[in-house]
Amino acid sequence: MSRTEIVNEIIESGVVAVVRTKHPDKLIRIAEAICQGGVKIIEITMTVPDALKMIEEVSGLVNDEITIGVGSVLDPGTAQKAIDAGAKFVVSPIFKKEIIDIVHNNNLPAMPGTFTPTEILTAHESGADIIKVFPADVLGMNFFKAVKAPIPDLKLMPTGGVTLDNAVEWIKAGACAVGVGKALLDVKAIEENDYQKLTENARRISESINSVVNVN
């Protein structure tokens, strides 16, 4: 898929699952479980042990419905390595134009992290495809409404503080999608190999967002 097609897929899905597990050997099962629940966009962070190797393995084994990206990217070199391993989008906790440039050179979406209105606008003007707002729980939903009032075309994605219950409220506040980690990827369930719990969580959040995503 092209950069534009991947962006559209993320927005249509409304949910990016942020995987930070300490059990990389369970990534395939995790991906399959949440896909069954309707969450098909998965960000494997660079904090996962052997992250690049796992991106390559998971990308090669999951079905075509699942789109694998990389998160917690801090420099352009890591971005390129992750892309070479199979990542289809690149997410950062910070904004660096160099990361955006190298991701775009590969015709893939770049999703830098921002916190202030100035950082958000700078990322937007630098070509960010979706702008991650992090940590979003510090700023809150009213921040999204306030920032989008003068700049309505922004594609903002909160990460941090998104839950199964409030995800839909972030969409209503103006988010184009949400990044969700431990609320979806229950640590205890993963420890106990309770993949049905992950499927149930995924179904709950995806059905909630799907109820409003076509209205926004």
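The values are calculated or read from the model by the stated rules, or taken from the named source; none is laboratory data. What you see is a predicted model, and the numbers here were worked out from it, not measured in a lab. Reconstructed Cβ throughout: ideal geometry from the backbone, glycine too, with neighbour counts over all protein chains shown. Ligands, DNA and RNA are excluded from the accessible area calculation, which covers all protein heavy atoms including side chains. Shrake-Rupley method; radii C 1.70, N 1.55, O 1.52, S 1.80 Å.
Summary of values
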quantity: Members of the range 27-58 found to be surrounded by fewer than 21 Cβ atoms within 10 Å (Cβ to Cβ) and of a type outside the set (A, V, I, L, M, F, W, C), listed by number; calculated: 29, 32, 36, 38, 45, 47, 49, 50, 53, 56, 57
quantity: Subset of the range 104-122 [open to solvent by 50 Å² or more (accessible area, probe 1.4 Å), within 19 Å of residue 10 (Cα to Cα) and touching a strand residue (DSSP E or B) at 6+ places or on another chain (Cβ under 8 Å)]; calculated: none
quantity: Test set (1) among the small types (Gly, Ala, Ser); (2) modelled with pLDDT of 95 or more; (3) under 21 Å from residue 36 (Cα atoms) - residue 123 fails condition number; calculated: (3)
quantity: Unmet criterion (only one of (1) touching a helix residue (DSSP H, G or I) at 6+ places or on another chain (Cβ under 6 Å); (2) not in a loop (DSSP other than H, G, I, E, B)) for residue 18; calculated: (1)
quantity: Some residue of the range 171-190 being open to solvent by 50 Å² or more (accessible area, probe 1.4 Å), farther than 24 Å from residue 22 by Cα, part of a helix (DSSP H, G or I) and in contact with an Asp or Glu (Cβ under 8 Å, 6 or more places away or on another chain); calculated: no
quantity: Close pairs from the range 119-144: first on the phi > 0 side of the Ramachandran plot, partner in a helix (DSSP H, G or I) and open to solvent by less than 20 Å² (accessible area, probe 1.4 Å), Cβ under 8 Å, at least 6 apart; calculated: 127/100
quantity: The range 123-148 - residue that is in contact with a Lys or Arg (Cβ under 9 Å, 6 or more places away or on another chain) and more than 18 Å from residue 179 (Cβ to Cβ) and, of those, surrounded by the fewest Cβ atoms within 10 Å (Cβ to Cβ); calculated: 127
quantity: Residues of the range 5-26 classified as within 13 Å of the chain's Cα centre (by Cα), open to solvent by less than 50 Å² (accessible area, probe 1.4 Å) and of a type outside the set (S, T, N, Q), total; calculated: 11
quantity: Among the candidates 79, 33, residue that is in contact with a Phe, Trp or Tyr (Cβ under 7 Å, 6 or more places away or on another chain) and either at pLDDT 95 or above or within 20 Å of residue 3 (Cα to Cα) (or both); calculated: 33
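Let's see how each residue does on (1) in a helix (DSSP H, G or I); (2) touching a residue at least 60 places away in the same chain (Cβ under 8 Å); (3) over 27 Å from residue 117 (Cβ atoms):
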residue	(1), (2), (3)
8	yes, no, no
11	yes, yes, no
35	yes, yes, yes
44	no, no, yes
53	yes, no, yes
63	no, no, yes
73	no, no, no
88	no, yes, yes
